[in-house]
1. Examine the stretch 10-25 for a residue that is under 15 Å from the mean Cα position of the chain (by Cα) and touching a residue at least 40 places away in the same chain (Cβ under 8 Å), and state whether such a residue exists.
2. Just name the residue that is modelled with the lowest pLDDT out of those in the stretch 46-63 that are exposed (fewer than 12 other Cβ atoms within 10 Å of the Cβ) and closer than 14 Å to Ile6 by Cα.
3. Residues being part of a helix (DSSP H, G or I) and surrounded by 15 or more Cβ atoms within 10 Å (Cβ to Cβ): count how many of those fall in the stretch 30-45.
4. Name every residue in the stretch 46-67 that is assigned to a helix (DSSP H, G or I) and either among the aromatic types (Phe, Trp, Tyr) or without any contact (Cβ under 8 Å) to a residue 40 or more places away in the chain (or both), in order of residue number.
5. Scan the stretch 65-87 for residues that are out of contact with any helix residue (DSSP H, G or I) (no Cβ under 9 Å at 6 or more places or on another chain) and of a type in the set (S, T, N, Q) and jot them down.
Amino acid sequence: MAKYLIEAAYSHEGLKGLVKDGGSGRRAAVEAATKALGGRVESMYYGFGTSDVYVIVEAPNNVSAAALALAVGATGALAHYKTTVLLTTDEVDEAAKKSTGVGYRAPGH
């Protein structure tokens, strides 16, 4: 399964829900939603800064990750939601080998 890093910031209403449910309550909600799409939560952390919450999820594919983003985003509980596809070192090695046959020419060369 593919891994994704989700970074999110709560809206004003979302913060009210966080205070009411607590961090563990919000994790349970994220786990249930991810499980419904055939995935799982690997880890979930709260932090200071631009984003309030950081979640690493495993999902079957990009469509499932996008469905999670749409479902969560449609609630209005978040002011910001970003998904980053995470690659393993083996995947980067494979991409590096494959890149040598691409034949891309940089501008001006």
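1. Yes, the conditions are met somewhere in the stretch 10-25.
2. Per the criteria, the residue is Thr50.
3. Matching residues across the stretch 30-45 total 4.
4. Listed by number, the residues that qualify are Val63, Ser64, Ala66, Ala67.
5. Within the stretch 65-87, Thr84 is the sole residue that qualifies.
The values are calculated or read from the model by the stated rules, or taken from the named source; none is laboratory data. Everything numeric in this text was worked out from a predicted model, so none of it was measured. Heads up, the Cβs are rebuilt from the backbone with ideal geometry, glycines too, and the neighbour counts pull from every protein chain shown.
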